[in-house]
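**Q** Input: one structure, supplied below.
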Amino acid sequence: MKRFLAVISLVLLLTSTAFALSNEEYTRMKKNNADFARADKRLSQVWAQLKKDLPKNVFKELQDAQRVWLKDGRDHEANKYMSDGYSFVEAYTMATSDRADELPYIAKELSKGSR
């Protein structure tokens, strides 16, 4: 039974990291997929606006949250979409678009906490 659990754990670990977005894949998707490029551009625009609008301390907290999302959260969200049958590119496009929608709400919550 322990061996079985060890094998299952290893498979889960490998599958969770197998679909991580590399820098090369990100660059290729931006160049070759218009939908992903639009989602990424929109995320950048939202990010730039928040940088202008937020106090520096709140923006720093948002940067920290974004680093965590880029490191793990984006892949986790995309993996959920892929498990629902979406392609790699579709999944990352939706995760990126979702993040553009979420960032203003995250910033608002961070602003409340800094008062």
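The values are calculated or read from the model by the stated rules, or taken from the named source; none is laboratory data. Fair warning: this is a prediction, and the values are worked out from it, not measured in the lab. Ideal geometry is used to build each Cβ from the backbone, glycine not excepted, and the neighbour counts take in all protein chains shown. For accessibility, only protein heavy atoms count, side chains too; no ligands or nucleic acids. Shrake-Rupley method; radii C 1.70, N 1.55, O 1.52, S 1.80 Å.
**Q** Scan (1) hydroxyl-bearing (Ser, Thr, Tyr); (2) surrounded by 15 or more Cβ atoms within 10 Å (Cβ to Cβ); (3) modelled with pLDDT under 95 for the single condition Tyr105 breaks and write down its number.
**A** With (1) hydroxyl-bearing (Ser, Thr, Tyr); (2) surrounded by 15 or more Cβ atoms within 10 Å (Cβ to Cβ); (3) modelled with pLDDT under 95 applied to Tyr105, the lone miss is (2).
**Q** Specify the residue that is modelled with the lowest pLDDT; the eligible residues are those in segment 18-58 that are touching a helix residue (DSSP H, G or I) at 6+ places or on another chain (Cβ under 6 Å) and aromatic (Phe, Trp, Tyr).
**A** In this case the residue turns out to be Phe19.
**Q** Condition test on Thr15, is it at pLDDT 95 or above, of a type in the set (S, T, N, Q) and assigned to a helix (DSSP H, G or I)?
**A** Taking the combined requirement at face value, the residue does not satisfy it.
**Q** Here's another thing I want to ask about it. Could you count how many residues in segment 31-84 are open to solvent by 80 Å² or more (accessible area, probe 1.4 Å) and not hydrophobic (A, V, I, L, M, F, W, C)?
**A** Matching residues across segment 31-84 total 21.
**Q** Could you list all residues from segment 85-101 that are exposed (fewer than 13 other Cβ atoms within 10 Å of the Cβ) and part of a helix (DSSP H, G or I)?
**A** Result: Asp101, single match.
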